[in-house]
Every structure is written in structure tokens, then in C-alpha cells.
1. Just to be sure I understand: of the beta bridges DSSP finds with both ends in the chain, what percent are antiparallel, rounded to 5?
2. Can you give me the angle between helix 285-298 and the longest principal axis of the chain, using Cα atoms only, in degrees from 0 to 90, rounded to the nearest 10?
3. Calculate, in whole percent, how much of the Cα-Cα pair population of region 363-473 lies beyond 18 Å.
4. What number, rounded to the nearest 500 deg cm²/dmol, is the helix-based mean residue ellipticity at 222 nm of the chain, given -39500 (n - 2.57) per DSSP H run of at least four residues and division by all its residues?
5. Could you order the peptides 339-351, 74-86, 204-216 from most to least packed, using the average number of other C-beta atoms within 10 Å per residue?
6. Sorted by mean Cβ packing within 10 Å, highest first, what order do the peptides 521-530, 194-203, 270-279 take?
7. Can you give me the relative contact order of the chain as a percent, contacts being Cα pairs under 8 Å and 6 or more apart?
8. If you split all Cα-Cα distances of region 421-595 into 10 Å bins from zero, what percentages do you get per bin, shortest first?
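Here, each number is a calculation from the coordinates, and none is a lab measurement. As the structure is a prediction and not an experimental result, all values here were calculated from the model. Here the Cβ positions follow ideal geometry from the backbone for every residue, glycine too, while neighbour counts run over all protein chains shown.
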Amino acid sequence: MKLNSTIARVTDRIRERSAPTRSAYLARMAEAAGNGPNRAHLTCGNQAHAYAAMGDDKDALAEGRAPNIGIVTAYNDMLSAHRVYENYPEHIREVARKVGATAQVAGGVPAMCDGVTQGQTGMELSLFSRDVIALAAGVAMSHNVFDTSLYLGICDKIVPGLIIAASTFGHIPAVFVPGGPMTSGLPNDEKAKVRTRFAAGEIGRDELMAAEMASYHGPGTCTFYGTANTNQMLMEFMGLHLPGSSFVNPHTPLRDALTAAAVERAVSITALGNSYTPVSEILDERAYVNGLVGLMATGGSTNLVLHLPAMARASGVILDLQDFEDISNSVPMMAKVYPNGLADVNHFHAAGGLGYMIGQLLDNGLLHPDVKTVMGDGLAPYRDEPKLINGELTWVEGPKDSSNDRILRPASDPFQNTGGLKQLNGNLGRGVMKVSAVSPERHMVEAKARVFKDQLDVRTAFKNNEFTEDTIVVVRFQGPSANGMPELHSLTPILSVLQDRGLKVALVTDGRMSGASGKVPSAIHVSPEAAQGGPLARVRDGDRLRVDAVAGTLDVLEDGFDARTPVTEDLTANRFGLGRELFENFRQSVGNATEGAAVVI
């Protein structure tokens with residue numbers, strides 16, 4: 001199948017734009033790879049320190065002939081998704097020994113849960129944790145004793161941070177190892193209804209708590225299609241997971257077999273063998289375009305609009321919002337997973353999952369088929385699905401048809417003809433809107449503005465019944481340099497209630513809304529941010545605003561707007577408490593949201 005012309009054009013544009021940075025990156029990786037296996041250059045004293053605690057593996061490590069795997073783990077037992085990683089290192093070491101290799105935990109990285117910090121002060125560290133994770137993984141890998149690597153991470157900032165680190169050490173092969181989603185609990189739409197009723201004051205906190213606990217109930221990734229599961233999809237579309245491994249539940253024989261196979265694959269692609277496949281050769285512009293296609297086809301998290309440019313830049317690939325929009329306009333949305341639909345990721349996986357979707361997109365010329373992956377040359381193996389047959393892991397031909405067309409449809413008969421992500425430009429700046437769950441009649445909202453500097457102020461106004469007409473809620477000074485760009489997900493129930501009351505409402509913010517944003521039109525990541533004197537800082541209560549996802553515009557409809565002096569805000573309260581004082585340098589040096597809001601890249 002010939003490659004879709006838009007996919008080819010966008011890829012060529014990215015390649016041309018990235019030529020200087022990509023060539024410089026590849027030159028650095030070639031130089032590092034040319035030095036040979038890292039351990040050969042360490043002194044005896046260096047090596048003795050590295051192997052002192054390795055017991056029966058000492059001899060194999062000292063001889064330097066067996067591949068040594070570096071494990072970077074985001075394990076902690078507060079995150080349900082990462083709780084499953086607790087015993088992975090021992091499992092990995094056992095498998096490594098069986099295939100003539102060794103494995104060491106190179107280091108751990110922090111993994112915070114946005115679900116815990118949602119609406120709390122700690123959320124102001126969330127986005128910056130991506131860069132901390134990249135730095136921590138870099139420290140882990142800097143010991144220079146690893147021939148290959150396994151990255152254990154799943155959730156929101158963890159995978160992007162690990163990708164930045166893996167790309168920085170791009171001369172070393174890497175396999176990303178998922179943990180899988182928790183089994184299905186209370187349906188996500190039922191949970192959302194309970195949240196909306198609580199926001200409206202119809203039920204008490206005891207009923208809300210019961211619903212939340214029934215939804216988030218066990219080990220594994222949360223089952224809605226937010227940032228964590230979007231990350232898992234990306235790792236498969238971009239060739240860093242084993243095929244079909246993203247959405248297999250934890251603590252099952254198939255999950256354990258896939259983890260063992262990841263170890264074996266990591267060992268087989270080192271420079272010590274004949275199938276050397278470093279990360280630098282996998283994560284090129286084609287891999288990132290494939291990731292963008294997956295994002296649009298699945299209706300994935302808007303957080304990846306921030307993360308993908310930062311991830312790509314680490315391997316010399318420069319992405320722009322225009323790339324997102326052009327691909328969105330050319331890729332059909334084939335999945336309906338909450339919040340875009342009623343199903344969860346377990347239902348999606350059962351309906352055919354990523355294997356079916358990748359096959360469909362390949363057959364329709366919407367993916368680059370000739371990329372490198374951890375499986376070798378070409379994306380075709382990712383059409384297949386893993387099975388345990390007589391106790392042996394094997395990959396069989398993936399499904400040719402969806403088993404539930406209310407969840408997953410073919411590319412020829414999608415839920416929508418486009419991916420549902422819109423770029424917005426106007427005199428308010430540049431931002432994005434996810435419209436895949438927004439009713440078409442709400443894609444354009446024109447109304448008076450109510451301006452807030454904090455989401456808590458919006459909640460107070462709501463409780464005081466101040467929203468009585470169509471309103472565009474502007475929440476500013478929420479960008480990366482103002483306060484770390486926290487998610488404003490707690491606004492969703494409030495705005496949903498107003499919308500259900502018959503009002504036309506929209507949100508405009510330099511903050512973010514995550515993969516859990518839903519049916520309320522939300523112009524997010526608006527840049528330049530208010531704290532940098534961006535246009536949002538000139539908006540006043542009562543200004544007429546237009547948010548138009550059809551035309552792709554974001555404007556204030558008032559004469560003289562551009563001549564106004566931007567307001568300033570006292571942001572000193574954002575600098576202290578719950579660790580915020582440690583991140584002042586991050587707030588001062590962070591880049592624009594349109595470029596990934598990155599600190600270290």
C-alpha cells in the first residue's frame with residue numbers, strides 16, 4: 001500500500017526541519033557506539049564497585065563476555081500501575097541468566113500519580129517530574145556498564161521522561177516493559193456521572209468515595225484512556241514494546257511470559273551480537289509520525305501534545321503543532337474508549353486492540369511500514385497478537401475484524417474521519433483542543449469571558465451560582481513558568497454541569513487538561529502563557545471571545561485588545577510548599593508549551 005500523501009509530506013517536512021539537529025545527534029550516537037561495549041573501558045576498581053553485590057553473577061560480569069542489562073525502574077507501591085513492578089527485577093535476572101546474560105537495577109526514578117495530586121498543590125510538580133525522571137534515568141545509565149536496557153514505566157510523565165533518557169543514551173538498545181491495566185471495575189461513565197452529581201450537590205462525599213474506590217480498585221494501570229494508556233499505545237506504535245504487550249493484565253501467565261520475552265529480546269539486540277538495534281535507529285522521524293498517527297486514531301491524551309515534542313527533541317527530531325493538526329486531519333478515529341466512549345482499555349483490547357488497529361492503518365497507507373523496532377525491520381510484527389500455546393509464548397496472526405464495532409472500527413468506516421485534535425491560532429495565542437468527545441454543535445462557542453487566576457476560584461463562583469449565561473471561562477497564570485502547568489481536570493465536572501444546564505461554555509487556559517478531558521470544549525496549552533506577558537494577560541471580564549475548533553481560531557473580539565497592557569500577578573505563593581521551592585530554576589528556564597514545556601532538552 002502506497003504511503004498516504006499527507007503522512008509522507010509531514011514526514012518529509014519534519015525530516016527537513018530536523019536535519020541539522022538529527023545529523024548532529026546521530027554523529028554523537030555513532031561515536032559512542034564505536035567505542036564498543038562500555039565495560040571494556042572501565043578500570044578494575046570501577047568494575048569491582050559495580051559488581052560487588054552481584055553474588056553468583058560476579059564472574060560473568062568480570063569476564064565481560066555476557067551482555068549486561070541495565071534496569072531503570074519507576075516502581076513504587078502507591079501507583080497502582082507501578083505496584084506490579086515490585087518483583088520484576090528478580091524475574092528479569094532469572095531470565096537473563098537462562099539466556100547467558102546478567103541484569104542489574106541501574107537506578108530508580110520517581111513516579112508521581114496525577115490522580116492523587118489532581119486539584120492539589122503537588123500537581124504543580126507533575127509536569128516537571130518528566131524532566132526529573134529523565135535526569136534520574138540519565139544518572140542511572142551513566143555508570144556505563146550496560147550493553148542493553150529495560151525501562152519499567154507506564155504513567156503520565158514517566159514514559160516521556162524515560163524516552164528522553166533512552167534517547168540520550170541512544171547508542172544502547174532499549175526495550176520498554178509494560179505492566180498492563182487493572183481489571184475492569186465500576187464503568188468509567190458511571191464514575192463520571194457520580195462526579196457530576198457530587199459537583200451539583202446532589203450526593204454526599206460517601207457516595208463519591210465509594211464510586212472512586214470501585215473504579216480504581218487494584219494493581220495495574222487505570223482503565224480509562226488517559227495519558228498512561230496513551231503512553232502504552234505509543235510505545236507499541238513506535239516499536240519499543242513487544243507486539244501486543246501493552247494491554248495484557250498484570251499477574252497473568254501471558255503477562256509474565258511477555259516480560260521474559262522482553263528480557264530475551266533486549267539481550268539479542270546488543271552490540272555483542274548480530275542484531276544490534278540501538279534506540280537512536282528506532283526513534284527517527286518516521287517513528288514519531290507513526291506515534292502521531294496512533295494518537296489520532298485512538299483519540300489519545302492531549303498531554304502527549306506536550307510530551308511528544310520534548311521526547312522527539314531528545315533524538316534530534318523537531319515536531320510542531322502543525323504536524324499534529326495535519327496528521328489529525330488525515331487519520332480516522334477508529335476507537336471509542338472512555339472519555340471518548342463508554343468502553344475501557346480492557347474492552348478495547350478484547351475487541352481487537354492495537355494489533356487490529358495497526359494492521360488497518362498499515363493496509364490503508366497511514367503508517368510507515370519500514371521503520372526499525374525492537375523486533376527488527378518493519379512494523380508488520382505489530383499486527384500480530386501474543387498467545388500462550390502449550391505453555392509457550394508465540395505470536396499469531398492478529399484479528400482481521402473488530403469484535404465490537406461500538407468500540408473499534410475499521411479505517412474505512414471510522415467513528416470520525418479525523419483524529420479530533422485541533423490547533424487554534426488567533427490574537428489570544430496558539431493552543432490546542434481535543435474535540436473527539438465534544439458534540440459538533442459545541443465546536444464553536446462565542447460568549448463573554450470570566451477571568452480567573454486559579455481553578456479554586458472557578459469552583460467558588462460555581463458554588464455561588466455566578467454562571468447564569470453562556471460563558472467562556474479563562475483560567476490564566478497556569479502555564480509552566482507560572483506554576484508548573486498543573487492539570488485543571490477538577491474543572492471538568494463543574495463545566496459539565498453548566499453545559500448540562502443548557503449553557504454554552506468553553507475553557508481557555510495556559511494550563512492543561514490531560515487525557516481525561518471530555519465533552520466540554522477546552523482550548524488548552526495556550527502560548528505564550530500569561531506569566532510571560534502573553535495575550536491571556538490582557539483579557540478582561542466581559543470581553544467577547546470566540547473559540548472556534550471548526551475554523552481553528554482563538555480570538556478576543558474587542559477593539560484595541562492588542563494595545564492593552566498585560567496584567568501581572570503575584571506568583572510568590574507558587575514558589576514554596578510541598579517541594580515547590582526546589583523547582584524555582586525549572587520555572588525560570590522552562591520552554592514554551594508549544595515546544596514541549598521542557599527543561600532539560
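1. Values: 26 of 56 bridges.
Of all bridge pairs located within the chain, approximately 45 percent are antiparallel.
2. Here the helix axis deviates by roughly 50 degrees.
3. Numbers: 4496 of 6105 pairs.
That tail contains 74 percent of the Cα-Cα pairs.
4. Details: 22 runs with 226 residues, N = 601.
Taking each H run of at least 4 residues, the total per residue is -11000 deg cm²/dmol.
5. Values: 339-351: 22.8, 74-86: 20.9, 204-216: 13.9.
Going from most to least packed, we get 339-351, 74-86, 204-216.
6. Result, highest mean first: 521-530, 270-279, 194-203.
7. On the way: 1320 pairs, mean separation 87.9, N = 601.
Dividing the mean separation by the residue count of the chain yields 15 percent.
8. Over region 421-595, the share of Cα pairs per 10 Å bin runs 10, 41, 36, 12, 1 percent.
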